[in-house]
Amino acid sequence: MDEKPGDVLTIEELAAYLKIPKSTLYKLVREGKIPSQKIGRHWRFRKGAIDHWLDDLPAAPACASPHADRTGTAQVGTRAKEPGSGGDR
């Protein structure tokens, strides 16, 4: 194998690469959801395995936001009024 030193990432390097908090990365490792190897007390990640893992993740649906209406438009900070709620004075 022709691996370069940059092909193996630390937890800090992988968190920066994925642009996620280290706490989220530790959770993924703990749950076995991300390819990883523990060497002594340290976690290491092969960049090629991470790239392959990313490619295999299912794409998120267009309206994945919990605050999206049926059109996929985000409804941040709004609530629908219920009929008879007395909000129309």
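Is it the case that residue 65 is surrounded by 10 or more Cβ atoms within 10 Å (Cβ to Cβ), in contact with a strand residue (DSSP E or B) (Cβ under 9 Å, 6 or more places away or on another chain), at pLDDT below 95 and among the small types (Gly, Ala, Ser)? Considered against the rule, which asks whether it is surrounded by 10 or more Cβ atoms within 10 Å (Cβ to Cβ), in contact with a strand residue (DSSP E or B) (Cβ under 9 Å, 6 or more places away or on another chain), at pLDDT below 95 and among the small types (Gly, Ala, Ser), residue 65 comes out as yes. Candidates are the residues of the stretch 16-28 that are assigned to a helix (DSSP H, G or I) and among the aliphatic types (A, V, I, L, M); the one that is farthest from residue 56 (Cα to Cα) is 16. Taking into account only those residues within the stretch 29-41 that are outside any helix (DSSP H, G or I) and in contact with a strand residue (DSSP E or B) (Cβ under 9 Å, 6 or more places away or on another chain), which is surrounded by the fewest Cβ atoms within 10 Å (Cβ to Cβ)? The qualifying residue surrounded by the fewest Cβ atoms within 10 Å (Cβ to Cβ) is 38.
Table: residues versus (1) modelled with pLDDT under 95; (2) among the small types (Gly, Ala, Ser); (3) assigned to a loop (DSSP other than H, G, I, E, B).
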| site | (1), (2), (3) |
| --- | --- |
| 43 | no, no, no |
| 51 | no, no, no |
| 71 | yes, no, yes |
| 79 | yes, no, yes |
| 84 | yes, yes, yes |
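The values are calculated or read from the model by the stated rules, or taken from the named source; none is laboratory data. On a predicted model such as this, the values are computed, not experimentally measured, just so you know. A quick note on method: Cβ atoms are made from the backbone with ideal geometry, for glycine too, and the neighbour counts reach across all protein chains shown.
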